[in-house]
1. Which one, T216, T206, H239, is farthest towards the positive end of the dipole of region 183-310 when Lys and Arg carry +1 and Asp and Glu -1 on their Cβ?
2. In nanometres, what is the gap between the two model label sites at Q174 and D451, each 7 Å from Cα along Cα-to-Cβ?
3. Quick check: convex hull over the Cα atoms of region 21-154, volume per residue in Å³, rounded to an integer?
4. What does the charge dipole of region 242-289 about its Cα centre add up to, to the nearest 20 debye, if the Cβ of each Lys and Arg holds +1 and the Cβ of each Asp and Glu holds -1?
5. Quick check for me: using +1 on Lys/Arg Cβ and -1 on Asp/Glu Cβ, what's the dipole size of region 106-206 about its Cα centre, in debye to the nearest 20?
6. Report in % the part of the accessible area of region 166-211 that belongs to carbon and sulfur, leaving out ligands and nucleic acids; probe 1.4 Å.
7. State whether region 220-362 is rounded, prolate or oblate according to the following rule on the C-alpha gyration tensor (a ≥ b ≥ c being the square roots of its eigenvalues): a/c under 1.5 gives rounded; otherwise a/b larger than b/c gives prolate, and the remaining case gives oblate.
8. Return one whole number: the accessible area per residue of region 336-421 in Å², for a 1.4 Å probe.
Amino acid sequence: MNTVEKSNYTITHRSDILDETFGITPDIANKIGEMAGKVHKKKNSAVKELQGLIKQYPHIPHFKNHLSVLFNQQGNLKKANELHLLTSQEHPDYLYGKLNVAFRHMFDKEYDKVPEVLGEDLEIGSLYPDRNEFNYDEVLCFDKAALLYFIETDKYTQAEERLKRMLDLDEDSQHSIWAEDKMMAYRWERRVKRAKKAKEMERSVTVVAAKVVEETDEKPRFNHNIVEQLYCNSLRMPHTIITEILSLPKETLLQDLHAVVYDSIARFKHFNDMPFDITTHEIIKHALFLIGELQSPESLPVVLDMLRQDEKYLEFWLYDSLSEIVEECIFSIGLYQTEELLAFLKEPDRYVDARSCVAEAMAQIALHYPERRPEVIQWFNNIFGFYISQKNDDRIIDTELIGIMVWECLDINATELIPIIGKLYSESLADIEMCGDWNDVKKSFEESPSDKIKLRKNVYEKYNDFLDGWDYESDSDLEDDGDFFGELEEEEVEVEVGEEEEDDDDDDNNHFNTYEEAVAAMPAIFPKPKVGRNAPCPCGSGKKFKRCCGKD
């Protein structure tokens, strides 16, 4: 592209735009180019030559600029600065003279002086309103200075916008490449600062499991024997078994599925001590898929009792699928029990991921049923008001949870909640790493929301999608119809699950900014890792992957 049309000027590759203004003839233009080459090579002999040309052509600012650059390269900053000021004063129409002064002010941390040089709005068209044409290099250099000013004064949004403008104009320019590198460093610095601040502000609940059943070693007795298939099949369980189970009388089937949930709690120690086998440790996932399919409101108290357990229990049974599976189930059975869901989020001592599933389900209700949006907005307003009123209660306040809930409000574009969300941030109750600080959140509300609606699936689709999308471990002999309860007496084998081999060559301090960077840095001979959403993020932030680089 040779030219770019702006609202009040054109950007062109022409290099002779100001030749007439400064009286530059073709011979002088050749001399300017020749001296630029010598300065680039840092030739000391060019000093006297440039001094002579400045005397010979005092009306030409380019020679002064070249000499100031050479002085700067030689470390003679005093003379370089003197020339910068002289060029800017004697040749106000020469952009590069102003840019040199602006860069010098920024080097000296005199940021308030930059707008005095480059204009209050830092726009090249405003600085030179009488010009209707600029060279590409002029515009890129000006935007480069503006971007640096925005970075140094911590104006993140303006810096991002200016970088985008430069990349749109010419992403391969040395100025754009420099700006992109500078912006990457700035983003990382902001992230480190924000992470440090978030860590200082962090408040998390110490989870205490609710006692909902007595611990036992006795297996439950089911109304329907086929329910025992949930104990000896992985998620690759044949669909014929699923169909047969769902064809059972609903009342007695629900009794059995509820018994499975409570069995996972009552005999948790028993299951936890067993050798892990994917064919025998998926009972909760089966139960939640089937309960969700039946859509019975009476199942909600049972599922909430499951969510009242501690992190060890929930991570054991659901691991990185907790958010996905539980949210779908809560949506199905709690659709018209929002008061019960609200009450659960007000309980003390509850696990952050268990509570976040409920908030996500509420947001999905607003997206799937727009007519219920006011109800959902009021629901979030209620819970946020409760958290503000309980801001000093460490058994209730979890900054990560509140950050997640703000995230859900952004997904449904709940602009009605901006005042109370602002109060959450003013009280330091929301994790600033989740959605950014309050300025970032306000900016996000101004942007057009993306479509965050989750498609609802039937039980067969849930099984298939889980197998396809969650890198489900392949297994063999999964259709064994043997008596699982009878097999529990067999000799147990000691197995350590999820423990990675130590690598003496690893550097514990080698953290990465994104998951993609971590993967790219690995030797090509190794397969790319599959990171669980609840696993530590490879970037080294200390957060779970799903709450950090995996949250998009």
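1. Value computed over the given set: T206.
2. 4.6 nm
3. 113 Å³
4. With only Lys, Arg, Asp and Glu charged at Cβ, the dipole is about 140 debye.
5. Dipole magnitude for region 106-206 comes out near 1020 debye.
6. 49 percent
7. Cα axes put region 220-362 in the oblate bin.
8. 35 Å²
The values are calculated or read from the model by the stated rules, or taken from the named source; none is laboratory data. Fair warning: this is a prediction, and the values are worked out from it, not measured in the lab. Glycine also receives a Cβ, built like all others from the backbone with ideal geometry; neighbour counts cover every protein chain displayed. Note: areas computed on protein heavy atoms with side chains; ligands, DNA, RNA excluded. Shrake-Rupley method; radii C 1.70, N 1.55, O 1.52, S 1.80 Å.
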